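So the structure is just underneath, and the comments pick up after that.
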Amino acid sequence: MSGNPTLVKCVVWDLDNTLWHGTLLEDEDVRLSDEMRKVITELDSRGILQSVASKNDHDHAWRRLQEFGVAEYFVVPQIGWGPKSDSIIKIAEELNFAHAAIAFIDDLPSERAEVTFHAPDVRCYPAEQAPSLAEFAEFSPKTVTVDARRRRQMYQASFRRETEKQSFKGPDEDFLKSLDLVLSITRATEEDLSRVEELTLRTSQMNATGVHYPDDVLRDLLTDDKHEVLTMSLTDRFGPHGAVGVMLLERHPAAWHLKLVATSCRVVSFGAGAVILNWLIDQAAQAGVHLVADFRPTERNRMMDIAYRFAGFTDQSCQCVHHTSVKPGEEKIQRLHMVPERRPAPTTMRVVSPELTDRA
């Protein structure tokens with residue numbers, strides 16, 4: 001491994017003589033050690049997903065995992081009699097992960113070789129290294145956010161949500177209403193900064209400027225009375241979607257300057273982006289100020305441009321636009337403008353939010 005390897009996002013476990021001691025088909029009395037149980041829970045706490053690729057009878061093996069109390073830790077498990085490379089490739093597809101983000105643990109060199117041949121980017125480890133996985137750099141993210149700690153639950157909720165959607169009969173809007181969606185908009189705290197920075201880094205299609213705000217800049221903004229740093233999270237009856245958006249707002253007497261809005265692509269289909277913009281527009285209308293929004297076209301954020309235009313932002317000139325500062329490197333940023341009017345509450349989700357007018 002290199003000194004700075006790519007982080008593993010999912011560990012795929014063999015079962016017999018790897019995750020547990022013994023071979024299930026030969027001896028019912030297989031044993032899961034406390035050491036391995038600790039590895040499973042530690043990886044999960046770091047936001048690393050885990051799955052299974054095992055040659056076993058599915059129901060028998062899954063029942064044993066349930067009896068050991070660890071079945072809940074494994075997403076999209078593949079237990080059957082096909083090649084393990086096929087199982088791992090399917091797991092990667094289900095999770096939408098690159099093969100290089102997958103680690104495979106197996107006691108048999110022949111199984112590891114088969115996986116390496118068909119999926120060479122998957123990293124393979126012998127079973128004797130399993131107790132030490134949490135000590136390796138590629139299993140040790142520098143920071144573990146709140147969302148990372150509950151990543152498994154978020155994926156499991158997503159799978160249940162998608163299953164229900166496939167069987168739902170009726171318009172999409174009715175399905176969204178059935179989810180009991182709650183969008184929470186909150187003023188960011190220092191504990192939220194890692195999630196905010198991560199969103200500005202990872203979000204490209206629904207990022208208005210593509211600008212990355214590092215931790216030190218965000219900390220300064222938190223203590224600046226002229227700025228609002230807002231985070232958005234989404235939940236529904238299936239569970240959390242996690243942090244789905246960030247907004248950076250600078251106050252001026254006649255206008256609020258929306259310097260950045262970024263929302264996760266995974267909630268575009270839920271209409272969260274439009275709800276967030278409409279909420280801000282309604283807040284600005286109550287405050288009696290104009291809105292100025294930064295937009296810098298990139299190769300990927302055409303959707304954000306459409307969202308701004310659909311919300312009512314235009315290129316029209318206004319005196320308030322000239323009061324927003326242009327810093328070096330921002331010359332290519334467009335300044336869109338609108339005169340806000342009150343917006344109705346969304347029909348597909350409930351919004352829990354602060355009143356920005358309390359600082360106006």
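Pairs of lysine in the chain with Cα under 22 Å and at least 8 positions apart or on different chains: total?
14
With +1 on the Cβ of every Lys and Arg and -1 on the Cβ of every Asp and Glu, and nothing else charged, how large is the dipole of the chain about its Cα centre, in debye rounded to the nearest 20? Walk me through the intermediate numbers first.
Details: 42 positive and 55 negative charges, 278 e Å.
Value, rounded to 20: 1340 debye.
From Cα pairs below 8 angstrom and at least 6 apart in sequence, can you work out the relative contact order of the chain, rounded to a whole percent? Mind showing how you got there, number by number?
Details: 616 pairs, mean separation 51.2, N = 360.
About 14 percent, as a whole number.
Quick one: Cα centre-to-centre distance for segment 258-327 and segment 63-88, in angstrom?
Centre-to-centre (Cα) distance: 45 Å.
Quick check: with the 1.4 Å probe, what order do Thr314, Thr347 take by accessible area, largest first?
Heavy-atom accessible area, descending, gives Thr347, Thr314.
If we count every other residue with Cβ under 10 angstrom of Arg46's Cβ, Lys/Arg +1 and Asp/Glu -1, where does the sum land? Intermediate values should be presented prior to the final figure.
Details: positive: Arg149, Arg151; negative: Glu42, Asp44.
Every neighbour counted, the sum reads 0.
Report for the chain the percent antiparallel among DSSP-assigned beta bridges with both residues inside it, nearest 5. Write out the running numbers ahead of the final one.
On the way: 31 of 56 bridges.
Counting DSSP beta bridges with both partners in the chain, the antiparallel share is about 55 percent.
Give the residue from Pro346, Phe310, Pro109 lying farthest towards the positive end of the charge dipole for the chain; charges sit on Cβ (+1 for Lys and Arg, -1 for Asp and Glu) and the dipole is referred to the Cα centre.
Highest projection toward the positive end goes to Phe310.
Pop out the ³J(HN,Hα) list for segment 7-24 in order, Karplus 6.51 cos²θ - 1.76 cosθ + 1.60 with θ = phi - 60°, rounded to Hz; leave Gly and Pro as x.
5, 7, 9, 8, 9, 9, 9, 6, 9, 4, 6, 10, 6, 10, 8, x, 10, 4
Regarding the chain, what's the average projected area of the Cα-atom convex hull, expressed in nm²?
For the chain, the mean projected area of the Cα convex hull comes to 20.6 nm².
Tell me, what is the per residue accessible area of the chain in Å², probe radius 1.4 Å?
Heavy-atom accessible area per residue stands at 49 Å².
Could you please report the charge total around Ser87, scoring K, R as +1 and D, E as -1 over all other residues with beta-carbon less than 12 angstrom from its beta-carbon?
On the way: positive: Lys55, Lys84, Lys90; negative: Asp14, Asp86, Glu93, Glu94, Asp106, Glu111, Glu114.
It works out to a net charge of -4.
Leaving out ligands, DNA and RNA, what percent of the accessible area of the chain is carbon and sulfur, probe 1.4 Å?
After summing per-atom areas, the C and S share lands at 49 percent.
Roughly how many debye, to the nearest 20, is the charge dipole of segment 78-138 about its Cα centre, given +1 on each Lys and Arg Cβ, -1 on each Asp and Glu Cβ, and no other charges?
The dipole of segment 78-138 has a size of about 100 debye.
Going highest first, how would you order 94-100, 282-288 by mean Cβ packing within 10 Å?
Result, highest mean Cβ count within 10 Å first: 282-288, 94-100.
Give or take rounding to whole Å, what are the principal axis extents of the alpha carbon atoms in segment 217-331, in descending order?
46, 32, 31
What does the charge count near Arg309 come to, summing +1 for each Lys or Arg and -1 for each Asp or Glu among other residues with Cβ under 12 Å from its Cβ?
-1
Please compute the Kirkwood hydrodynamic radius of segment 2-147 from all pairs of different C-alpha atoms, in Å with one decimal.
Roughly 15.3 Å, rounded to one decimal.
The values are calculated or read from the model by the stated rules, or taken from the named source; none is laboratory data. All values reported here derive from a predicted model rather than from experimental measurement. All Cβ positions, glycine included, derive from the backbone under ideal geometry; neighbour counts span all protein chains shown. Heads up: the accessible areas ignore ligands, DNA and RNA and are worked out on the full protein's heavy atoms, side chains in. Shrake-Rupley method; radii C 1.70, N 1.55, O 1.52, S 1.80 Å.
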